[in-house]
Structures are given as C-alpha cells and as structure tokens.
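Visitor: Can you read through this structure? Questions will come right after.
The values are calculated or read from the model by the stated rules, or taken from the named source; none is laboratory data. These numbers come from a predicted model, not from an experiment. Cβ: placed from backbone, ideal geometry, glycine included. Neighbour counts: every protein chain shown. SASA here: full protein model, heavy atoms, side chains in, ligands and nucleic acids out. Shrake-Rupley method; radii C 1.70, N 1.55, O 1.52, S 1.80 Å.
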Amino acid sequence: MSSHIVALPQGLARAAWPSKSPDEVQDYGADWRSRLAKDETIASSTFVLPPGVVASKSTYSGAVAEVRISGGANGELYRILNRITTTAGRTLEQAIHLGVMSK
C-alpha cells in the first residue's frame with residue numbers, strides 16, 4: 001500500500017493525516033518506530049473507525065500500520081484509533097485525526 005504515513009510522536013501529542021474529499025479512497029499509515037524498542041515490531045494492528053468512514057483494507061509491516069479509508073462527510077473531523085500489539089507483547093494505541101473536505 002502506498003500511503004500518507006504519519007510518524008507518531010512520543011507521549012500524548014496529537015497526530016493527524018492529510019485531509020481527503022468525501023469521494024476519495026486513500027491509503028493512510030502510522031509509523032510507530034519512535035514508540036518501539038530497538039528490535040520490536042508490530043505483531044498485529046487494528047483500526048477502529050467511527051460511523052461514516054470505512055476501512056476496506058489494512059496491513060502492517062515492521063513498525064508501520066496502514067489502512068485504506070473511504071467515505072466521510074464534508075467538513076467533518078474524524079478520530080481514528082490504531083491499536084497495535086508488538087512482538088514484545090505490549091499493546092499500544094494512538095488516535096489519529098482525519099479531516100474530510102471537498103476539494
């Protein structure tokens with residue numbers, strides 16, 4: 001998947017993807033590298049989306065989790081949660097904001 005990948009900040013900082021239009025289908029990603037230990041990688045990944053936006057595909061590799069997103073209402077800001085389990089057995093999650101705007 002080719003995507004808009006956001007490097008997740010340490011701590012509780014806000015993360016956001018570039019906005020999309022309601023009719024677009026876009027690939028987005030979360031780079032967890034700054035939150036993982038040296039040899040730790042993603043063992044599983046889940047994206048939790050609010051009503052109105054749809055995930056049609058998700059993948060992960062190494063420190064990056066990706067999702068294909070469609071839908072959304074014009075002018076809305078959505079909070080999408082990425083929850084991962086790592087090869088070290090840790091569970092981490094991060095909310096990432098996605099705005100939907102007509103272009």
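Visitor: Of all residues in the range 41-55, which are buried (at least 17 other Cβ atoms within 10 Å of the Cβ), closer than 16 Å to residue 91 by Cα and of a type outside the set (S, T, N, Q)? Walk me through it before giving the result.
Guide: To start, the set of residues in the range 41-55 that are buried (at least 17 other Cβ atoms within 10 Å of the Cβ) comprises 41-42, 45, 47, 49, 53.
Among the residues that remain, those that are also closer than 16 Å to residue 91 by Cα are: 41-42, 45, 47.
If the condition is that a residue be buried (at least 17 other Cβ atoms within 10 Å of the Cβ), closer than 16 Å to residue 91 by Cα and of a type outside the set (S, T, N, Q), then 42, 47 are the ones that fit.
Visitor: To continue, here is another question. Among the listed residues 77, 92, identify the single one that is among the aliphatic types (A, V, I, L, M), over 13 Å from residue 3 (Cβ atoms) and touching a helix residue (DSSP H, G or I) at 6+ places or on another chain (Cβ under 7 Å).
Guide: Values: 77 fails: touching a helix residue (DSSP H, G or I) at 6+ places or on another chain (Cβ under 7 Å).
Going through 77, 92 in turn, just one is among the aliphatic types (A, V, I, L, M), over 13 Å from residue 3 (Cβ atoms) and touching a helix residue (DSSP H, G or I) at 6+ places or on another chain (Cβ under 7 Å): 92.
Visitor: Of all the residues that make up the range 60-84, how many are open to solvent by 50 Å² or more (accessible area, probe 1.4 Å), in contact (Cβ under 8 Å) with a residue 24 or more places away in the chain and over 17 Å from residue 15 (Cα atoms)? Break it down stepwise before answering.
Guide: In the first step, residues of the range 60-84 are kept if they are open to solvent by 50 Å² or more (accessible area, probe 1.4 Å); the result is 60-61, 68, 74-77, 79, 83.
Narrowing further to those that are in contact (Cβ under 8 Å) with a residue 24 or more places away in the chain: 60, 68, 74-76, 79, 83.
Then drop every residue that is not over 17 Å from residue 15 (Cα atoms), which leaves 60, 68, 74-75.
Total meeting the criteria: 4.
Visitor: Within the range 44-54, can one find any residue that is touching a His at 6+ places or on another chain (Cβ under 9 Å), free of Cβ contacts under 8 Å to residues at least 60 places away in the same chain and closer than 16 Å to residue 101 by Cα? Walk me through it before giving the result.
Guide: Filtering the range 44-54 down to residues touching a His at 6+ places or on another chain (Cβ under 9 Å) leaves none.
No.
Visitor: I need a count of the residues in the range 1-38 that are touching a residue at least 12 places away in the same chain (Cβ under 8 Å) and open to solvent by 30 Å² or more (accessible area, probe 1.4 Å).
Guide: Taking the range 1-38 as the starting set, the residues that turn out to be touching a residue at least 12 places away in the same chain (Cβ under 8 Å) are 1-10, 14-22, 24-37.
Add one more test, that the residue is open to solvent by 30 Å² or more (accessible area, probe 1.4 Å), and what stays is 1-5, 7, 9-10, 14, 16, 18-19, 22, 24-26, 33-35, 37.
Result for the range 1-38: 20.
Visitor: Could you list all residues from the range 64-76 that are small (Gly, Ala, Ser) and outside any loop (DSSP other than H, G, I, E, B)? Break it down stepwise before answering.
Guide: First pass over the range 64-76, keeping only residues small (Gly, Ala, Ser): 65, 70-73, 75.
Within the range 64-76, 65, 70, 71 qualify.
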